[in-house]
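The values are calculated or read from the model by the stated rules, or taken from the named source; none is laboratory data. All values derive from a computational prediction rather than experimental measurement. Neighbour counts run over all protein chains shown; Cβ positions are idealised from the backbone, glycine included. Ligands, DNA and RNA are excluded from the accessible area calculation, which covers all protein heavy atoms including side chains. Shrake-Rupley method; radii C 1.70, N 1.55, O 1.52, S 1.80 Å.
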Amino acid sequence: CGGDKGINETGYSDEPLKDRQGNDLDSADAERMYKSAREFMVDEQPEKALRLYAEVQARFPFSPYAAQSEMESVTAHYKAEEFDAAVSGADRFIKQRPRNPHIDYIYYLRALSNYNRNETGILGGDPDKRDTSYLRQSFTDFSLLVQNYPQSVYRKDAQLHMIDIRNRLATFDVNVAEYYLRRHAYVAASRRAETVVSRYQGSDSVPRALEIMEESYAKLSLPDLAEDTRAILQASYPNYILHREEFYRQRAGDKPRYDLPDVGGAPAGGKPLDPDSAEGSNAG
Amino acid sequence: CGGGENVAEPTPLTELPSPAYRMQRIWHTDAGEGAGEYVSGFKAAVNGNRVYVANRDGYVEALNLDNGKRIWRSRTGDRLIAGPTVANGKLLFGTRDGQVVALSADTGERAWTAELSSEVIAAPAANDNVAVARTLDGRLVELDLATGERRWTIERNVPTLTLRGTSSPVIDGDTVYAGLDNGKVLALDLATGEQRWEQAIALPSGRSELERIVDVDADPLVLDNELYAVSVGGEMTSLSLTSGRVRWKQDVAAETGLAYDDRNIFTSDRDGDVWAVNRLTGGKSWEQEGLKYRQLSAPAVLNGDLLVGDYEGYVHWLSADDGSVIARGRPMDEAIRSQPVVAGDRVIVLGADGEVAALRFTPADAQ
Amino acid sequence: QDQYNFRVDDVQVNGVQRLEPGTVLTYLPLSVGDQLTESRAQQSIRALYDTGLFENVALQRQGNTLVVDVTERPEIARFTIKGNKKIGGDELKKALKEQGLAQGELYKRSLVDQLEQELRRQYYSNGYYSVAINTDVTDLGNNRVAIDITVKEGPIASIKDINIIGNEDFTDDQLKDVFELKSSSPAYTHPLTFWRSRDRYSREKLLGDLESLNSFYQNRGYIRFSVSSIQVSLSPDKRNIFLTLNVDEGAQYKINKYQFAGDMIVPETSLQRLVSVKDGQTFSRSEVDASASRISSGLADFGYAFADVDPLTRVNEEDKTVDLTFFIDPGKRAYVRQIAFNGNEKTNDETLRREMRQFEGAPFSRRGVERSRTRLARLPYVQDVQVNTDKVAGSEDLVDVNYDITERAAGTLQFGVGFSDAQGFLINGSVSHSNFRGTGNTLSLRAETNDYAKSVGASWTDPYFTDEGVSRTISAFYRNTDQLIRIGSGFDLNSIGGAVTFGLPITEYSQLRAGLGVETNEINSAVDRNGNDQLSDELNEFITENGRKATTYELQTGWSRDTRNRTFFATRGSNTEFQFNIKGPGSDLEYYDTSLEHERYFLVGSWIPGLSDKVVLSVDGRVAQTDIWGTGEDVPPYDNFFAGGARSVRGFSNGGLGPRDSFDNPYGGQFLTTVQSELVIPTFLESDNKSTRLTAFYDMGNVYENASDFETSELRSSAGVAFYWFTPFFGLLRVSYAAYVDDKAKNDEVDRFQFSFGVGL
Amino acid sequence: CSLPVFFRVPVVQGNVVTAKEVKKLEIGMTKRQVKYVMGTPLIDSSFEKDRWDYVFYYRDPRAHVRQSELNLFFVNDKLSDIEGDDEYTAQILGDDGQSQEQFEDTPLPAEATPGANNERLTY
């Protein structure tokens, strides 16, 4: 009674090994087994590929295919959306094969796994508005990749991801600041907005953060601080102020009336999208 | 649904082809509740023509050695757990409330009661004018036999986790020897309690508290100039009486008790094997494993051969030469835990639940 | 040449099989061109060992080449533990995985020894003193190993006797009551603990018991109490354990006088009220500590989060009294830097933040933080909330407040397909999600179609329609039932309607409710019990006087006050709801209905000593009255009150109580009163009072024609046992069995076993 | 239509400053000393490194707002100037400290030891 609490980890189920065409792989050599695993990957069946990769590592641990299989099983886990397994597989690979030529790919995979770990759930809803610890983790993974492997082929995409994550984290903090502003909690609003400005310089939420700071300082009757913030906003984001109204229309998804100039760039008028629709383009 | 299969299964008994002795039960009587499941320091004390026996509910009985009839029965009302020791007309008992109780051997009336610091679960040692009691918290206390007044107390620290049961001290001349739960044997001056020597006979080893138990729970044995002691931790040693220097060591782990004849020291170890160890060299004479895990009592020597009780009330005869089982009898069906007491040609056996029996063994081929 | 002092021109690695030479070079703290010294060699060997990848490492010199010989650790291909019934399971597996003992990890001899040691220790602490554990590691070739551990548990040792020596002022039994460890004598069977193994010795439990024995004495004035020695002795057959405690009680001390010292922030008078110690009273450690903690939490309410109150005692031996000084050090006033939520995978940050009573960039208030925790715990989609206040590194007075949320399934999907000979093919379904897209809004849709009834209904509630917490609920429904014998007397009804209601908070705990609703009800044909087309007298009378169809415009008002600590399985506080809805002018029938419901929880466990503090008594009384006030003769039958059923008086069929019409069907009444009282029985389930609850209940109540007919003798009552389980998908499942039902009238429809699904939001 | 609002959660923001603390301030103090006396300033804008603002803002359940500011200026780490209201927090909250109590005054059901006396603490 009380049930046997024994542990039995003997790896994958033991039905016979088959490749995609169904012929038996029991007596196959490392290369053939590895190749059929790759076929499964190409055929979008990562679970089946995982089994073969494990078998290659078990039977031919010293063949070059073993290392290759170990790496590709991380990809398979990622494709099968088993993100926890992908991350722990990547960690083990990094520890055991730090000098492997494809190590940057493994860092990249781990970062992507953390990036996609917050699933949105059936009813939708925006995961960024919730616990962002995985998002932060993926930001550190991407930055590790960019610093340690500057010439990696994934560097460009990692940087793009980092920018996106930074924007999403900044939006999170700006939303909180926005909330506190609505609730008249002006010290809280100004402090949250300030963390956005100091921690996420390049993010697209900085102009809005500056605005919140300005309004909070005004409400706390600190006029000179409000003016300073106003001056900085004007100096570094002139276009934001000029095209503020259009900026929010487009952001809310309405039909853009004209092409917004780069928010951070030098002051410039908006260029009408198609000539007839422009009621009147704002001068510079 | 309990603890799964038992790790130590008692060995079943096999038929004896030609038993050397036939057991004859002279008398047997139920002298009270005995110790029950409590591990006790009870023993049958024989003095003059009487046998004195105690029970955990406080009743003490004196029986006639010849026919087992009850002479007197006294109700002490204390939670007795050890004894009696007979000395100078007095019976001494230990209790679970940390007292030593003295009754008059003739009438069973209470002479005195001494309050000590912790449980006294081994019978106090005594000579004609003093008694030395051992308490569970590692103290030795000397009491005046007549009045029960405390003379001196010494204390040694003992581990928290030990095996239930402690050894009784042994008085020899002007020294008292005691085995402690920390694996050491102590010699003290009887008059002042001053330490003469202290010798560790077993060192705690192993990682868990349980593996580090090294109690000396068997009463030490003093024979001419030697002291023999055995620890639960697995060492039987012979020490010089005067200096405590170790003469020899043999790895036997036992907590029941020691017996001797002119050549060997006998004991039954923790797994229920009976050992004979040469007194001079410490070499192993023989080891009888036929009664493994039958929770044997300490052996007793009766006209040259060895007698030991087990948990089903059997009494086994072993030949002192090679330890072979030469006879067997079953005086009672409750466990025999305390050492059988030899009185003349008879043996008094005390059961765990209060049964007392007197046995005589006649050689089989005698008729 | 000298073995270790040379310039390294080249490094050569051999013995590498599975790994790559590059791996060794990465972890080797040496590179070509360095000068090798004795200490650096040692350092390199240790570094390579620390990676845990290699079994052994050796450095040699060949000319100016450093040769690194390594043997890789084998990989664990198979790992099994068998025979362990008592200890093991998932937690052990997770713990092992963290230590690197799982399939796929590298094998280390020391790890296996550690595991064996840990298993043995756990078995000892659960009383298995003769457990036998053996491990065998088999080499599978290709540098892979299999680890198989077999366990033979052996018999369990239980505590035979606890013996306390040296206690004069208290008896052994009084003291043993305080102990968690109990001797296994069958005489002692406490009803609620017979299944918990309290006669198993373990060092931790013993230390805990010594602590409680110490505080038992300290709370009664025995400051000098001490346990002189403890002996734990094991019987030779390792089945019985004997505990012997030698205690020295010492004298009983009284308090001479107490005073305050240090920077008190608040005047002494208000501190006085927080201290439950009195001059001349016997000294009690628990009272002193409780007073000290009340003062420090009082100060925390004023923003002094780091307040420290230290009760100092000066003993005067002659008259056995103690002088007590509460030394108060308020520390720095604390400010909250940031409030963060973690674990909320389905709930938005703002949905949680709006419940906060503590703000960022504001003075810390313990009460505010605690109040916010309770408010979060009361959200229907939150199961448990833990809060901790952590000091911000590098600052004297800034703290971060972190709320760890355990969410509960907020969506309940209820879908039933049934077939009953009377009602034909029944399909009914309802989805209700109380945390729609993480916003905390509740959407619920209900649909039901079968031969006799078609109905569809929806409601949308936004608890924070305004930031200040004004809630708004919009609901609409369409229902058309024909010739269905349901709880009421058999008539068919078509009804369509909708309502908008607002909840306006007026204090922290209470809010007003106001709303407008419109409804049209039309009674079509009616049927008697055996299904032919006939009107009961009461129905006939109503229709002749008021007509079949009635459209009503309703003003809904109400007031509610809720101080419960949780919405489900509350253990403290009360919930009072008063409603007054009036069908206003312009309605075909002008009638009102008003009801008052009061539910209160009593922590019974803390009144009766020895009873576990999980025992809670809840009493839920309801009284309601409806009557005509304007045009119309009588309240329409479909708006009568009905009693009986799982949510009103258990043991009686749904709506089966109260007045009957001429066909002997329940017709309902205008005055209802019910009382449901429940005593929570603590169970050993791990989910007790979190997602399951077992109670013994006693219900009483009935419905009357109108208030004037009320007689206590007519009240029906029932008693029995009920079980609640918050299921992952179907919301709260209520199952009840009424053992005793006093059905006075013969035609009360008894229904002993009842269950109901869904969240009654 | 704007709904009637009967109850708002009182909003407390910023540093609590009392006359006692302000008296301890002297021109020339270092930032560390000021911080020891006054506590950490909650308005510490990154654009104005040498200026600390001790702001207190209190909005009661009926939305009446009372606030005070204390601005401290530093020149190379030495306190050079003190400006701002003399109406400090203590006055704002009134000496009875009544409204410092952020919640309705029913005793809070204590989460801690049952039966513990949770008498509300007032001045």
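Residues of segment C:284-314 that are part of a helix (DSSP H, G or I), under 21 Å from C:F216 (Cα atoms) and out of contact with any helix residue (DSSP H, G or I) (no Cβ under 6 Å at 6 or more places or on another chain): C:S286, C:E287, C:V288, C:D289, C:A290, C:S291, C:A292, C:S293.
Would a scan of segment C:236-243 turn up a residue that is at pLDDT 85 or above and closer than 30 Å to C:K320 by Cβ? Within segment C:236-243, not a single residue is at pLDDT 85 or above and closer than 30 Å to C:K320 by Cβ. When each of D:V22, D:V37, D:V16 is tested for being of a type in the set (V, I, T), at pLDDT below 85 and assigned to a helix (DSSP H, G or I), the lone residue that passes is D:V22. A single member of B:W112, B:W152 is at pLDDT 90 or above, in a strand (DSSP E or B), open to solvent by less than 60 Å² (accessible area, probe 1.4 Å) and under 23 Å from B:P220 (Cα atoms), and it is B:W152.
Looking at segment B:183-233, which of the residues that are assigned to a strand (DSSP E or B) and basic (K, R) is least open to solvent (accessible area, probe 1.4 Å)? So that I can check it myself, show each step before the final result.
At the first step, the residues of segment B:183-233 found to be assigned to a strand (DSSP E or B) are B:184-189, B:195-200, B:221-223, B:226-231.
Remaining after also requiring basic (K, R): B:184, B:196.
On the way: B:K184: 71, B:R196: 105 Å².
So the residue we want is B:K184.
Can we say B:G77 is more than 14 Å from chain C (Cβ to nearest Cβ) and either open to solvent by 40 Å² or more (accessible area, probe 1.4 Å) or out of contact with any strand residue (DSSP E or B) (no Cβ under 7 Å at 6 or more places or on another chain) (or both)? So that I can check it myself, show each step before the final result.
Details: more than 14 Å from chain C (Cβ to nearest Cβ): yes; either open to solvent by 40 Å² or more (accessible area, probe 1.4 Å) or out of contact with any strand residue (DSSP E or B) (no Cβ under 7 Å at 6 or more places or on another chain) (or both): yes.
So B:G77 passes the test.
Evaluating C:R78 against the criteria (1) in a loop (DSSP other than H, G, I, E, B); (2) under 27 Å from C:N143 (Cα atoms); (3) not hydrophobic (A, V, I, L, M, F, W, C) leaves one unmet condition, (1). State whether one or more residues within segment C:109-122 are outside any helix (DSSP H, G or I) and over 21 Å from C:L140 (Cβ atoms). No, every residue in segment C:109-122 fails to be outside any helix (DSSP H, G or I) and over 21 Å from C:L140 (Cβ atoms).
The residues of segment C:661-672 that are at pLDDT below 80 and outside any loop (DSSP other than H, G, I, E, B) amount to a single one, C:P666. Scanning segment C:114-155 for residues being within 11 Å of another protein chain (Cβ to nearest Cβ), more than 36 Å from the chain's Cα centre (by Cα) and over 18 Å from C:G83 (Cα atoms) gives a total of 5.
Restricting attention to segment B:59-72, does a residue exist that is part of a strand (DSSP E or B) and open to solvent by 70 Å² or more (accessible area, probe 1.4 Å)? Don't jump to the end; show me each part of the working.
At the first step, the residues of segment B:59-72 found to be part of a strand (DSSP E or B) are B:59-64, B:70-72.
Filter again for open to solvent by 70 Å² or more (accessible area, probe 1.4 Å), leaving B:70-71.
For segment B:59-72, residues part of a strand (DSSP E or B) and open to solvent by 70 Å² or more (accessible area, probe 1.4 Å): present.
Given the condition over 18 Å from the mean Cα position of the chain (by Cα), buried (at least 22 other Cβ atoms within 10 Å of the Cβ) and farther than 18 Å from B:G309 by Cα, answer yes or no: does some residue in segment B:236-247 qualify?
The initial filter retains those residues of segment B:236-247 that are over 18 Å from the mean Cα position of the chain (by Cα), namely B:238-247.
Adding the requirement that they be buried (at least 22 other Cβ atoms within 10 Å of the Cβ) leaves B:238-239.
Retained after the next criterion (residues that are farther than 18 Å from B:G309 by Cα): B:238-239.
Yes; the residues of segment B:236-247 include at least one that is over 18 Å from the mean Cα position of the chain (by Cα), buried (at least 22 other Cβ atoms within 10 Å of the Cβ) and farther than 18 Å from B:G309 by Cα.
Table: residues versus (1) open to solvent by 70 Å² or more (accessible area, probe 1.4 Å); (2) among the aromatic types (F, W, Y).
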site: C:K86; (1), (2): yes, no
site: C:L106; (1), (2): no, no
site: C:E116; (1), (2): no, no
site: C:Y123; (1), (2): no, yes
site: C:N126; (1), (2): no, no
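Of all residues in segment C:267-283, those being farther than 14 Å from C:D319 by Cα, β-branched (V, I, T) and either more than 12 Å from chain D (Cβ to nearest Cβ) or outside any loop (DSSP other than H, G, I, E, B) (or both) number 1. Looking across segment C:1-27, the residues that are within 21 Å of A:A67 (Cα to Cα), in contact (Cβ under 8 Å) with a residue 40 or more places away in the chain and not small (G, A, S) come down to C:V13, C:N14, C:V16, C:Q17, C:R18, C:L19, C:V24.
Scanning segment C:229-258 for residues that are more than 7 Å from every other protein chain (Cβ to nearest Cβ) and open to solvent by 10 Å² or more (accessible area, probe 1.4 Å) turns up C:K238, C:R239, C:V247, C:D248, C:G250, C:A251, C:Q252, C:K254, C:N256, C:K257, C:Y258. Of all residues in segment A:220-237, one or more are touching a residue at least 12 places away in the same chain (Cβ under 8 Å), crowded, with 20+ Cβ neighbours inside 10 Å and in contact with a Pro (Cβ under 6 Å, 6 or more places away or on another chain). Within segment B:349-367, track down each residue that is under 19 Å from B:R56 (Cβ atoms), of a type in the set (A, V, I, L, M) and part of a strand (DSSP E or B). Within segment B:349-367, B:V349, B:L350, B:V356 qualify.
C:G52 falls short on exactly one of the conditions (1) more than 47 Å from the chain's Cα centre (by Cα); (2) on the phi > 0 side of the Ramachandran plot, and that condition is (1).
Those residues that are open to solvent by 30 Å² or more (accessible area, probe 1.4 Å) and in a loop (DSSP other than H, G, I, E, B), I need them from segment C:150-165; list them, please. It would help to see each step written out before you state the result.
Of segment C:150-165, the ones open to solvent by 30 Å² or more (accessible area, probe 1.4 Å) are C:150, C:152, C:156, C:160.
Matches in segment C:150-165: C:I156 only.
The condition (being more than 7 Å from chain A (Cβ to nearest Cβ) and surrounded by fewer than 23 Cβ atoms within 10 Å (Cβ to Cβ)) is satisfied by just one residue among C:R366, C:R353: C:R366. Scanning segment B:186-230 for residues that are under 19 Å from B:V158 (Cβ atoms), within 14 Å of chain C (Cβ to nearest Cβ) and not hydrophobic (A, V, I, L, M, F, W, C) turns up B:G206, B:S208, B:E209, B:E211, B:R212, B:D215, B:D217. Screening the candidates B:G272, B:G283 for the property of being more than 13 Å from B:G234 (Cβ to Cβ) and modelled with pLDDT of 90 or more yields one hit, B:G283. Close Cβ contacts (under 9 Å, 6 or more residues apart or on different chains) running from residues in segment C:459-480 that are at positive phi to residues that are surrounded by 17 or more Cβ atoms within 10 Å (Cβ to Cβ) and modelled with pLDDT under 90 comprise C:G469/C:P463; C:G469/C:G503; C:G469/C:L504; C:G469/C:P505; C:G469/C:Q511; C:G469/D:F7; C:G469/D:R8; C:G469/D:V9.
Of everything in segment B:262-287 that is within 14 Å of chain C (Cβ to nearest Cβ) and in a strand (DSSP E or B), the residue that is nearest to B:A8 (Cα to Cα) is B:S268.
Just need a number here: residues in segment C:327-338 that are of a type in the set (A, V, I, L, M, F, W, C), within 14 Å of chain A (Cβ to nearest Cβ) and surrounded by fewer than 23 Cβ atoms within 10 Å (Cβ to Cβ). Final tally of qualifying residues: 0.
Sort out which residues of segment C:382-398 are more than 11 Å from every other protein chain (Cβ to nearest Cβ) and open to solvent by less than 10 Å² (accessible area, probe 1.4 Å), and write them in order of number.
So in segment C:382-398, the residues more than 11 Å from every other protein chain (Cβ to nearest Cβ) come out as C:382-386, C:388-391, C:393.
The answer is C:V382, C:V385.
So, restricting to helices (runs of 4 or more DSSP H) that lie completely within segment A:47-118, which ones have at least 3 residues that are on the phi < 0 side of the Ramachandran plot, within 9 Å of chain C (Cβ to nearest Cβ) and of a type outside the set (A, V, I, L, M, F, W, C)?
Values: elements: A:64-79, A:83-96, A:103-115.
Counting at least 3 such residues, we get A:83-96.
Scanning segment C:166-181 for residues that are surrounded by fewer than 16 Cβ atoms within 10 Å (Cβ to Cβ), among the polar types (S, T, N, Q) and in a loop (DSSP other than H, G, I, E, B) turns up just one, C:T171.
Number of residues in segment A:175-233 that are within 24 Å of D:V12 (Cβ to Cβ) and among the small types (G, A, S): the value is 11.
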